[in-house]
Each structure stands twice: as structure tokens, then as C-alpha cells.
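Undergrad: Here's a structure for you.
The values are calculated or read from the model by the stated rules, or taken from the named source; none is laboratory data. Everything numeric in this text was worked out from a predicted model, so none of it was measured. Neighbour counts run over all protein chains shown; Cβ positions are idealised from the backbone, glycine included. Note: areas computed on protein heavy atoms with side chains; ligands, DNA, RNA excluded. Shrake-Rupley method; radii C 1.70, N 1.55, O 1.52, S 1.80 Å.
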Amino acid sequence: MPGIDKLPIEETLEDSPQTRSLLGVFEEDATAISNYMNQLYQAMHRIYDAQNELSAATHLTSKLLKEYEKQRFPLGGDDEVMSSTLQQFSKVIDELSSCHAVLSTQLADAMMFPITQFKERDLKEILTLKEVFQIASNDHDAAINRYSRLSKKRENDKVKYEVTEDVYTSRKKQHQTMMHYFCALNTLQYKKKIALLEPLLGYMQAQISFFKMGSENLSEQLEEFLTNIGTSVQNKTGLVSSTWDRQFYFTQGGNLMSQARGDVAGGLAMDIDNCSVMAVDCEDRRYCFQITSFDGKKSSILQAESKKDHEEWICTINNISKQIYLSENPEEIAARVNQSALEAVTPSPSFQQRHESLRPAGQSRPPTARTSSSGSLGSESTNLAALSLDSLVAPDTPIQFDIISPVCEDQPGQAKAFGQGGRRTNPFGESGGGTKSDTEDSILHQLFIVRFLGSMEVKSDDNPDVVYETMRQILAARAIHNIFRMTESHLLVTCDCLKLIDPQTQVTRLTFPLPSVVLYATHQENKRLFGFVLRTSGGRSESNLSSVCYIFESNNEGEKICDSVGLAKQIALHAELDRRASEKQKEIERVKEKQQKELSKQKQIEKDLEEQSRLIAASSRPNQASSEGQFVVLSSSQSEESDLGEEGKKRESEA
């Protein structure tokens, strides 16, 4: 009931139905408050119990660490380093145990005490007063009933006095109890706010105090101790031995990324800005190098597959450490630093050599710590490589790193030719309205999640190498220009076209007609990368047709997407062949039908000529027929012609 915040105490004596109705509302509110506060009390009590358990467990852990040096292990000798290390840990954990104990005490005083007081005192008082008020109200009703049953005929002054006194006493008791009850309910409306806020405030203050104590205990000396222990744990020279895992490494800006086989995406391995890298000898392994972070707190040892990869990785990380990738012309700066570093960020010499050394699949990455990268070749090989690249990719070709929506941009080679902006598309081919979409009748509907990496114009569309080279150049350009954002879309493959659909709005971003997709391929090493070449009208070349290569990244579905595109093209080919056969059959049937009509028309003409000749012969012998008493039966059309002929003769005679 909005606008009513308290019970009117002045109306307790009258005890009207309206007052009783309003009292019922306040009683329901008090019951709801009681239920909610009981639940909150249980939750806070669980926090308090858990904190006590944590404090006791922490203290027990510290005690066990202190007793390590007293243990006698059958196979373990006296390890003073381990004992001293655990002793140091026991001191730290003991301090933390003290902090947890202080926190438990503060929670008991600042959180549990206020809510317990409210629960045990105020809420129980409401329940007690409610019971007392109910008893007083029942006694008053009983006294009123006895007073109402007094006999009118046989009056007894003594009985009447007793009943009247009973009514007075019960009404007074009810009035007093009702006033106390109303006051308690009104007070509850104000106390409930304090009862909610005070325990929460105590909880937050206790936590803040705990964190401050923890920050004071974790001094710089302790942090250095923990860092040293962590470093020794990660390396073989420490407490445990190291392990070697095969990982796919690549660089993104100033970060070294790692990705295990089967993972959807890579993760951050180390920040290599201002880091140091050097070749090391490790466990009798070849081609090892160590990367150490700028603060010296983290280091990683990697192993390359070949000497060439080993040198290129060291040079590349040196270049990134000097933040060459952030400069305006990273290639020239890298060339001044090291010739090998220059080759790590420029196009590879040739596809034949790159195929033997596994093409790269990462952003500005020399392939991996386990894959190879091209090295420095002679001048003759470099010239041949330039010729090979020029035959695949047009020189000075601009790269488009984002999808240009046809709604906001008109590009004659791409978006305008194939985009259908502003129309929502159901990726499963189901029509929500009366009109049918272009792909609704398609047999194949397959949806994939892809991320657009870039597109660029190419000079050839008959060799899968052009897709590989486009992948390499786009990824290298992304790393050089520090571009890491990718547009995620849904790729819908049908028998008619490929569609890029916005996953949020279901609006078609781009549409690629399937007959224009002349080449598609997946990267040989990184199966998440795939691309296709689209033959379009216009472009940078002088001819009317040009080819644009689009590169995407998927969730380990590159081969599936290419298989789906191949299946769609096969289905479209068979459908086209069936359509042509059907059109040819229809054409044959139309020719036959036309010939049949011509033949029928010719027969009808011959029949009409025979009929006309018979009529002419019959009309030339009228007198002979009448003299002999013979009659010629004419058809309706013939009789009409004869009548018309007689009328014409009459008109001539009259003239």
C-alpha cells in the first residue's frame, strides 16, 4: 500500500475493520521481513563458519610445514634447501593464519552480532506481541458475547456488574496490547533498513582490514622470494624437472603467442617488448634459444627445427624487442639491424622453397618454433622469387582488412557487385514472410563461423599457390601494421552463392555468387585458414575481369568449408546440366508441337479447298437438279453463302 508508512495508534481504541485490514498488511510485511532476514542470517553464518574453517586449516598447514624437518622419509635424505624453503613458507602461512583469525573475530563482532540481535530481539518481539494481541482480542470478543447475552426480563445487578467489568477490563487490555503491537510494527519498518545495512557494512570493513593486513605482510622481500621459487619450479635447475611440449608459436605485435594442436585459438605466452633472446645449450638439444622478459622474472626456452629457423627466430624476436614493428618503415629498420630479420617480415622467395619448409600461418610470424622459414638466398634466387610473386599477386596491391558493408560503401569490384545490404537472412533457409529468399530453394545450407582477415587483388586464379601467398602477405601485413581486430561473421554455403551474415543482426554483409568462385584452398599447415578467389568484373587490371582473393580464419573448419564449397559447386553443376537437358527436351517438344500444328493447319486448308470445290461444282448445275426433281443438301455455311449471293444479285438488279 503506497503512501502508508505507519499504523495509526490513535485508532487502536476504535478497532475498526479498516484498522484491522491495515494491520493485516503490516503483519504480512513483518512475516516477509522475518523470512528474508532468516535466509540472510543463514548465508552470513555460512561465511562466518567458512572463515573459521579457513583460519583453522591455514593454521594446521603452517604447523605441518614446520614439522617437515622432523619427518624421516625412507628414501629422502637431509634436504636443507627444501627444509629452509618450507620453513619460510610456514612463517608466511602462519602470518596469513593470524590474519584469517582476526578476520573471523571482526566478522563475528561486525557482521554476525547485529543481524543476530535483530533476529533474536526485534523479530521475536513481533511474534510475541502478535500472540498476546491475539489472546487479548479473543478475550475481548468473548466478554462482548457474554455482555450481549444478558437477559432483558430477568435482570441481575450482580451479574450485570461482573459482565460489564469484564468487558471494561478486556477492552483496556486489548487497547494497551494493540498500542504496543502497533508501535513494534512501526518501529520494525525503520529498524529493518539498519538491520540490513549494518551487517553488510561490518563485512566490508572486515574484508578491507584483512586485505590491508595481507598487503603489509606481503613485503617486497617476500615477493622476491616467491618469484625465485616460481622460477625454480618452472626450470629443471629448481625443485622439479622440466618437460618439452610441441607447440605452435607466433607473434602478435609485442606478444609471443602459443597454441597447442587442437586448440581453437592461441594464448599469450610472454610479452617480448624489451626482452632479451640468446642461443643456449639445453639438455643436449640442438637449435635452442632462451627468451627472458624485460624484468627478468620470466624466461622460456624454445627449440627450433632447423638452424635457419633458429637464426630467424632470434633475429625476429630481436626486432620485436626493439619495437621495430611500431615504426613507420619496419622493413628498412629491420634491414639495418640484420639481413635475416628483413626476410622474416618480407614476402618469401618462392613457393617451391616455401613448400619444402612449411608455409607460415601466423601474423607476422616466422612459422613456429617447430616449423621453418625461408633464409637468405643469392641474387639469382631473389630475382626468380620476385618473378614468381609478380606472376601471382599484382605489385603494390592494396589490402582490405575489414568487410566494407554495401549499405555504407559502394565498391565496383566487390561490395556493390555482390552485396545485398539491409536485408535480414535466415541462415537455415526458412522464410518468415510471404516472399522467398534467393537461397530458399537451394538443396545445400551449411553455416560456419569465420573471421575475415583480409582480401587483395591477384593476377592468377588457376593455382592454389596464389591463395597461400595471399594468406602469407595478409598475415604479415597485419603484424607489421599492428592490426589484430577481426570481423566475425557467419558463412552460409548454398548451391547458389556464399553469404557473409552478421551474427547479431542476421543482415547479409556480402554475397559471392558461386559460379564466380573459381578457386578455394586451405592452408597446408594451419587448417583454420582458408581462402577463395572470386572472379569479378572491373578491377585494377586493364581487362574487364579481375580476381580478388579473400582470406578467412575458422574454428578448425577450413577443410570442411572447402569441402562444402566443392559439394555446392558439384550440386550446382549437376543442377545446371539437368536444367540444360530439361530445356533441350522442352525445345524438342516445342518443335514437335509446332510441326504438328503446321501439319494440322495444312490438312485443314486442304479439307477447306475440297469443300469449296464441291460447292462450286454443285452450284453450277441448279437447273438440271430442279428439272429432274433432285435436291442438293447444303450446309448452314453454304446456305448462308447462297443467300448472300442472291441478295447481291437483287441489289444489282435494283440498281
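Undergrad: GLU120 is checked against (1) in contact (Cβ under 8 Å) with a residue 40 or more places away in the chain; (2) open to solvent by 40 Å² or more (accessible area, probe 1.4 Å); (3) closer than 30 Å to GLU27 by Cβ; (4) not β-branched (Val, Ile, Thr) and fails just one. What number does that condition carry?
TA: It fails just one condition, (1).
Undergrad: Select from the range 30-53 the residues that are within 14 Å of LEU185 (Cβ to Cβ) and free of Cβ contacts under 8 Å to residues at least 60 places away in the same chain and write down the one among them that is surrounded by the fewest Cβ atoms within 10 Å (Cβ to Cβ).
TA: The extreme case among them is ALA32.
Undergrad: Please specify each residue of the range 567-579 satisfying the condition of being surrounded by 12 or more Cβ atoms within 10 Å (Cβ to Cβ) and either in contact (Cβ under 8 Å) with a residue 12 or more places away in the chain or basic (Lys, Arg) (or both).
TA: LEU567, ALA568, LYS569, ILE571, ALA572, ALA575, listed by residue number.
Undergrad: ASN228: assigned to a helix (DSSP H, G or I) and either under 41 Å from the mean Cα position of the chain (by Cα) or modelled with pLDDT of 90 or more (or both), yes or no?
TA: Yes, satisfied.
Undergrad: Is it fair to say SER170 is surrounded by 14 or more Cβ atoms within 10 Å (Cβ to Cβ), under 25 Å from TYR203 (Cα atoms) and either among the charged types (D, E, K, R) or in contact (Cβ under 8 Å) with a residue 24 or more places away in the chain (or both)?
TA: no
Undergrad: Might you let me know whether the range 147-158 holds any residue that is open to solvent by less than 60 Å² (accessible area, probe 1.4 Å) and in a helix (DSSP H, G or I)?
TA: No: zero hits.
Undergrad: Looking at the range 306-320, which of the residues that are of a type in the set (S, T, N, Q) and modelled with pLDDT of 85 or more is farthest from THR251 (Cα to Cα)?
TA: Only one residue tops the list, namely SER306.
Undergrad: Could you check, for the range 498-510, whether at least one of its residues is open to solvent by 50 Å² or more (accessible area, probe 1.4 Å) and free of Cβ contacts under 8 Å to residues at least 12 places away in the same chain?
TA: Looking through the range 498-510, at least one residue is open to solvent by 50 Å² or more (accessible area, probe 1.4 Å) and free of Cβ contacts under 8 Å to residues at least 12 places away in the same chain.
Undergrad: Tell me, please, whether a residue that is open to solvent by less than 50 Å² (accessible area, probe 1.4 Å), over 30 Å from ASP29 (Cβ atoms), free of Cβ contacts under 8 Å to residues at least 12 places away in the same chain and not in a helix (DSSP H, G or I) can be found in the range 69-80.
TA: Looking through the range 69-80, at least one residue is open to solvent by less than 50 Å² (accessible area, probe 1.4 Å), over 30 Å from ASP29 (Cβ atoms), free of Cβ contacts under 8 Å to residues at least 12 places away in the same chain and not in a helix (DSSP H, G or I).
Undergrad: Here is a further query. Filter the range 443-490 for residues that are within 21 Å of SER547 (Cβ to Cβ), in contact with a helix residue (DSSP H, G or I) (Cβ under 7 Å, 6 or more places away or on another chain) and hydrophobic (A, V, I, L, M, F, W, C) and give the result.
TA: Matches in the range 443-490: LEU453, MET456, VAL458.
Undergrad: Among the residues of the range 462-497, write down those that are farther than 22 Å from GLY254 by Cα, open to solvent by less than 30 Å² (accessible area, probe 1.4 Å) and of a type outside the set (A, V, I, L, M).
TA: Answer for the range 462-497, where residues must be farther than 22 Å from GLY254 by Cα, open to solvent by less than 30 Å² (accessible area, probe 1.4 Å) and of a type outside the set (A, V, I, L, M): TYR468, GLU469, THR470, SER489, THR494, CYS495, CYS497.
Yes/no per residue for (1) surrounded by fewer than 17 Cβ atoms within 10 Å (Cβ to Cβ); (2) within 37 Å of the chain's Cα centre (by Cα); (3) among the aliphatic types (A, V, I, L, M):
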| position | (1), (2), (3) |
| --- | --- |
| TYR249 | no, yes, no |
| GLY253 | no, yes, no |
| SER258 | no, yes, no |
| GLY262 | yes, yes, no |
| MET278 | yes, no, yes |
| ARG286 | yes, no, no |
| PHE289 | no, no, no |
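Undergrad: I've got another one for you. Going by what's in this entry, would SER104 be described as farther than 30 Å from ILE194 by Cβ and in contact (Cβ under 8 Å) with a residue 12 or more places away in the chain?
TA: No, not satisfied.
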